[in-house]
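The block underneath contains the structure these notes are about, expressed in structure tokens.
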There are 4 protein chains.
Amino acid sequence: MKQELKLGVIGAGYWGPNLVRNINEAPGADIVAVADLDQERLNALHKRFPAVRTTTDHRELLNDPAIDAVCIVTPISTHRPLAEEALAAGKHVFVEKPLAGTVADAEAIVAAAKRAGKTLMVGHTFVYNPAVTTVRAIIEKGELGKIQYVDSQRVNLGLHQFDFNVLWDLGPHDVSIVLYWLQEEPDWVQCIGACYVQSDIEDVVFLTMGFPSGALAHAHLSWLAPSKLRTMTVIGDKKMAVYDDSSAAEKVKIYDHGVDELSADELRRSYRSGDIRSPRVAVTEALQLEVRHFIDCIRGGNTPRSDGEAGLRVVRALEGANRSLKANGARVQLREPVAR
Amino acid sequence: MKQELKLGVIGAGYWGPNLVRNINEAPGADIVAVADLDQERLNALHKRFPAVRTTTDHRELLNDPAIDAVCIVTPISTHRPLAEEALAAGKHVFVEKPLAGTVADAEAIVAAAKRAGKTLMVGHTFVYNPAVTTVRAIIEKGELGKIQYVDSQRVNLGLHQFDFNVLWDLGPHDVSIVLYWLQEEPDWVQCIGACYVQSDIEDVVFLTMGFPSGALAHAHLSWLAPSKLRTMTVIGDKKMAVYDDSSAAEKVKIYDHGVDELSADELRRSYRSGDIRSPRVAVTEALQLEVRHFIDCIRGGNTPRSDGEAGLRVVRALEGANRSLKANGARVQLREPVAR
Amino acid sequence: MKQELKLGVIGAGYWGPNLVRNINEAPGADIVAVADLDQERLNALHKRFPAVRTTTDHRELLNDPAIDAVCIVTPISTHRPLAEEALAAGKHVFVEKPLAGTVADAEAIVAAAKRAGKTLMVGHTFVYNPAVTTVRAIIEKGELGKIQYVDSQRVNLGLHQFDFNVLWDLGPHDVSIVLYWLQEEPDWVQCIGACYVQSDIEDVVFLTMGFPSGALAHAHLSWLAPSKLRTMTVIGDKKMAVYDDSSAAEKVKIYDHGVDELSADELRRSYRSGDIRSPRVAVTEALQLEVRHFIDCIRGGNTPRSDGEAGLRVVRALEGANRSLKANGARVQLREPVAR
Amino acid sequence: MKQELKLGVIGAGYWGPNLVRNINEAPGADIVAVADLDQERLNALHKRFPAVRTTTDHRELLNDPAIDAVCIVTPISTHRPLAEEALAAGKHVFVEKPLAGTVADAEAIVAAAKRAGKTLMVGHTFVYNPAVTTVRAIIEKGELGKIQYVDSQRVNLGLHQFDFNVLWDLGPHDVSIVLYWLQEEPDWVQCIGACYVQSDIEDVVFLTMGFPSGALAHAHLSWLAPSKLRTMTVIGDKKMAVYDDSSAAEKVKIYDHGVDELSADELRRSYRSGDIRSPRVAVTEALQLEVRHFIDCIRGGNTPRSDGEAGLRVVRALEGANRSLKANGARVQLREPVAR
């Protein structure tokens, strides 16, 4: 295989330039071209990255035989046609999350990648975040014991979207992280929410997922919040972990239960019960690790951590949650409960 | 009316001695007697309060014409018979929260108080908490605008109960606070939960209430948590408030939205959007304020903030939520939705 | 020895009643009498502790043969005469900190105790604080390695004193804690400060102490602060510890250096460098532990952790620091430097 | 004046590339060339900024008539010769902080700039930091009243320097910020410290400065710390401010005293005394603002906020502090005290 992989990016909106910057800094790959329909965005990008070719026609990238892989960072509804076109053109494909807006579209992309025999990776950046992988390693070692439930607070500061609700905007993060941590897919989902700022777009939802192991995962997702929160708590029957992405110094904390040693009176007065340990977490940018993983998977022919199947599982949970949302939070079965 | 009200307390378990201490320190009332079935508890209490008479027979208190009011701090199932007996004996009655374990019992106590023409107050201590009343005052002034939703985290450190679930244990706090803040009663409730430590007693639940105004209230209630949390966030369309009871220095914070002035890029990088103000909150113990309110209401013939009706509303919401819990979180209508 | 020690307290100002309450709750001792010149204070105390005898003449306590020990909780200038009188009367003596306002007075009290053969203990409550003793145990095990320096922030909210400066008000805490942790006495002290609110009484000082081992201890002591701080950082050549008394959940944290493993770039972006561990600290009130220690030392004939010598060492450091303060912070040698 | 200023940078070590990136993104200027003795650094820089010319000979920049200004980001001892050479070549000059390692050198640079009639600016980035300028604006409005003292904690994580001590490494930040806030120069300085890791280089110092107004400023500067701290507290006789650079959400807080309204008992139990307000602070990078200020000053012929005189004042304080450090913290008078 040649020395450097050549990558192109389709989409130069908010997230595209971050991807360009990270490909530019990653060893083993070059960012050679960016396509976007908006010439102004391309101009801005060119000022920052003068060596990168820009075009308003994404087909220029697909037709360029020197380009090995393309990253699709466009509106969700365009993911399927662009991904299918790129795979058909023989490119490896990275699709920004969520993989698609429907299970049908996600399945089609996965099938297209299989047919093409190319690497398909979904941009679930958080599963490459050093704090998230630290928690996964702790779970894998059994340090937390059997996972009972995960509670998440993921609330934002008024960054309202206009074409999809907060479930589709923020939910992919929680769903992808929880599925990665638990290594299982939910049996059912429930989702309650409300539309405050726009009449038909939920800006706050409470999402619950039930897993075959008996674990629950709950997430509060909102665009209406006084401060940005990114906190996930994992309750195991041995220990508990908190991942707080907004903490500069202690992103991950592991809590011993320690309850047995305490009297009821001590418990009432105390704000914690056992020892707490905060392992050091690398400060590397998750997007850089994600880009490197994509490069490594292409080079080594390995399956990405967030491959098409992983992306499809997330879409399946979100689509089910959205159905529950429209049905007043009634439970939506995603598949037959697995007998335990 | 004579100078000092004479009070008796029935129940000397965990909470009773706190009440005794606070009555002892409150102006305008004397604690004169305590009844409990357990002589050891009475002995311990006597060591701390040598001037207080103790007895294993609560009827001694009810039959003592010098006693004006009794406080019932006993297991929930005994609230109704004890309260009815005390009211029939002509005493003013304070009942620890929740008022009762069923709507029927709660209604019976309210009816008994009405018949007796005596003051009935329920021990929803939090509605006397200076931070909670500070938030209420801010809502009342309209500073937050129209309330959109309230989100609460109330999680504990392994203080499992054996005769009722976490909804009945911690839920009375959130329900009483939210109903006090919003000054309305929910139309419907939904509740999802799970039993991890004991097979039939939920130790984690997610409670949602829908109100006539369109507001939602959500609460995460748990006995399985790495650290004690007591945080309630109120989202209004003008401003937002956070009440964090575990903060020593900043129990209440008011957040300006400030979103309009910020670019999307600034919002993404920022952890808040406008000015924040933390009003000073008195450090007076809520239980002391509650006890004084009870004394004042008896003396002045006023209706307590947490009167029987308020206690009944809380029981109604909890009973509905418990039904929803047993029905996989299906929505339980508490009454016909009010036309808006 | 008889079953219960009988204790008396001289001084019913701010701190006296706390001591009375703690003696009352401690096993093995009874609080039997309190003396104060102010009858109103005695009345207030009597309402809370009806079984305790009160008097405006402290000699009533000294002359009562049933009383084994007295606690002196009076203005500093009265410590010496009262302690000498009590020791001469054959009582064990507890003196509130600082032991005295001058080294001469402190030495006189220590000598009087030696002559009387009675237990003398100084109320350096912090050396009984569970977080402080946790840090001491960690130092003792060598976990921090050689101690390099201790930095302390002890600032208050406008509780100005009128008869002594902030060095004498807050300094006894830091000096007693540091001497207990390091188990050595400073060679020299330096102190810089200023008087802002009152013309001749320093309300902010910066105190530095140099120890034979080469360790430094620095403390910022102030009555002029936006929020109460109680933070002490111990830097060792192996690990570091932070004791934050105002943290409800994490009073003690142990930090691994971990610097070796990190690149300079990671260090610049990181807010810590290695693992952090927060050991569980008991929530027992320090004053209760202090009272029990006094009782145990009297009963067992043991030397208290904060005996007269320890109290004298604190006074020696403070007197020297005060001299430095008046000399623009010039170094004051407390004794010949120990050759290392 | 031509459209875009042309800038060159001398020095491509740790900080140089940050400056290059910020000049590249600033409107009104182009970064055209970078000089460094180390070809590898130049190569790394070229990969990121392919349009920028690189050279190992800084005279190429000085001799290029197209270059209007140079930024000197080299070791301190080279500041004077390089700045003098650049000014003599007719360039505007930006010198990284501290301006020089001695007062004599700093004065020579200032004199050279005056002779050349060119803009001289020192890289005291913090005086362009939005949180620092927010605090300055609050002081300027008189909101804090008369400033009594400033206390600073600036401690790092083991980033030891080998050619100068922590006073010269971290001190320029505190001194430049405090002089900017107070708008006065200290009468005297005192500095106590110790060398732990390297035998002759202080890794921890406590710096105190006394000002004509009566204000004190104190700073704890250290390379030996468990976590990075960047906290400055400003005590005024009306209000107090805290600037915590490590807080993502509340970099600046203004505290009302509120002490008058509180009883002594409330003060003892409280962790703050009045209202707290946290104004929104822009999230713009300080270095970007600094670069734009340099460009604006050159274009408009204005004096930079951190001009040569400001840089000289910082060096004067540091040189004096270093003398005090070597004299056991004895007070070093920088000039005759101003009569108040």
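The values are calculated or read from the model by the stated rules, or taken from the named source; none is laboratory data. For clarity, every value in this text was computed on a predicted model and none was experimentally measured. Using ideal geometry, Cβ is built from the backbone for each residue, glycine included, and neighbour counts are taken over all protein chains shown.
Contact map, the range B:178-190: residues that are assigned by TED's automatic domain parsing to the domain that holds residue B:231 paired with residues that are among the aromatic types (Phe, Trp, Tyr), Cβ distance under 8 Å, separation 6+ or inter-chain. Pairs shown: B:182/B:211; B:184/B:211; B:185/B:211; B:186/B:211; B:187/B:211.
Return yes when residue B:26 is within 14 Å of chain C (Cβ to nearest Cβ), crowded, with 19+ Cβ neighbours inside 10 Å and of a type in the set (Gly, Ala, Ser) and no when it is not.
Working: within 14 Å of chain C (Cβ to nearest Cβ): yes; crowded, with 19+ Cβ neighbours inside 10 Å: yes; of a type in the set (Gly, Ala, Ser): yes.
Judged against the criteria, residue B:26 is a match.
Within the range B:243-255, being buried (at least 18 other Cβ atoms within 10 Å of the Cβ) and either closer than 21 Å to residue A:159 by Cβ or at the interface with chain A (Cβ under 10 Å from one of its Cβ atoms) (or both) holds for B:253, B:254, B:255.
Report whether or not residue D:278 is crowded, with 18+ Cβ neighbours inside 10 Å and within 19 Å of residue B:257 (Cβ to Cβ). In short, yes. Within the range A:115-167, being more than 22 Å from residue A:221 (Cβ to Cβ) and either at pLDDT below 95 or part of a helix (DSSP H, G or I) (or both) holds for A:115, A:116, A:130, A:133, A:134, A:137, A:138, A:139, A:140. The test for being closer than 21 Å to residue C:133 by Cβ and either in contact (Cβ under 8 Å) with a residue 24 or more places away in the chain or acidic (Asp, Glu) (or both) does not hold for residue C:319. Screening the range B:253-337 for helices (runs of 4 or more DSSP H) wholly inside it with 2 or more residues that are farther than 30 Å from residue B:194 by Cβ, out of contact with any strand residue (DSSP E or B) (no Cβ under 9 Å at 6 or more places or on another chain) and among the small types (Gly, Ala, Ser) returns the ranges B:286-300. The set of residues in the range C:256-280 that are of a type in the set (A, V, I, L, M, F, W, C) and at the interface with another protein chain (Cβ under 7 Å from one of its Cβ atoms) comprises C:259, C:264, C:267, C:276.
Within the range D:301-329, the set of residues being surrounded by fewer than 18 Cβ atoms within 10 Å (Cβ to Cβ) and closer than 26 Å to residue C:329 by Cβ comprises D:323, D:326, D:327, D:328. Criterion first (buried (at least 18 other Cβ atoms within 10 Å of the Cβ) and modelled with pLDDT of 95 or more) does residue A:74 satisfy it? Here the answer is yes, as residue A:74 does meet what is asked.
Remark: residue B:318 matches the filter, which requires a residue to be within 16 Å of residue B:210 (Cβ to Cβ), away from chain A (no Cβ under 14 Å), touching a helix residue (DSSP H, G or I) at 6+ places or on another chain (Cβ under 6 Å) and not polar (S, T, N, Q). Taking the conditions exactly as written (more than 23 Å from residue C:160 (Cα to Cα), among the hydroxyl-bearing types (Ser, Thr, Tyr) and touching an Asp or Glu at 6+ places or on another chain (Cβ under 6 Å)), does residue D:278 satisfy them or not? It is true that residue D:278 is more than 23 Å from residue C:160 (Cα to Cα), among the hydroxyl-bearing types (Ser, Thr, Tyr) and touching an Asp or Glu at 6+ places or on another chain (Cβ under 6 Å).
Do we find a residue being of a type in the set (Lys, Arg), surrounded by 15 or more Cβ atoms within 10 Å (Cβ to Cβ) and closer than 18 Å to residue C:23 by Cα anywhere in the range C:109-127? Scanning the range C:109-127, I find no residue that is of a type in the set (Lys, Arg), surrounded by 15 or more Cβ atoms within 10 Å (Cβ to Cβ) and closer than 18 Å to residue C:23 by Cα, so the answer is no.
How many residues are touching a Ser or Thr at 6+ places or on another chain (Cβ under 9 Å), touching a residue at least 24 places away in the same chain (Cβ under 8 Å) and more than 17 Å from residue C:23 (Cα to Cα) if we restrict to the range C:43-86? Step through it out loud before you land on a result.
The initial filter retains those residues of the range C:43-86 that are touching a Ser or Thr at 6+ places or on another chain (Cβ under 9 Å), namely C:43, C:45-46, C:58, C:61, C:69, C:72, C:80, C:82.
Cutting the leftovers down to touching a residue at least 24 places away in the same chain (Cβ under 8 Å) gives us C:45, C:58, C:61, C:69, C:72, C:80, C:82.
Narrowing further to those that are more than 17 Å from residue C:23 (Cα to Cα): C:58, C:80, C:82.
Matching residues across the range C:43-86 total 3.
Screening the range A:128-170 for residues that are within 12 Å of chain B (Cβ to nearest Cβ) and of a type in the set (Gly, Ala, Ser) and picking the one that is surrounded by the fewest Cβ atoms within 10 Å (Cβ to Cβ) gives A:145.
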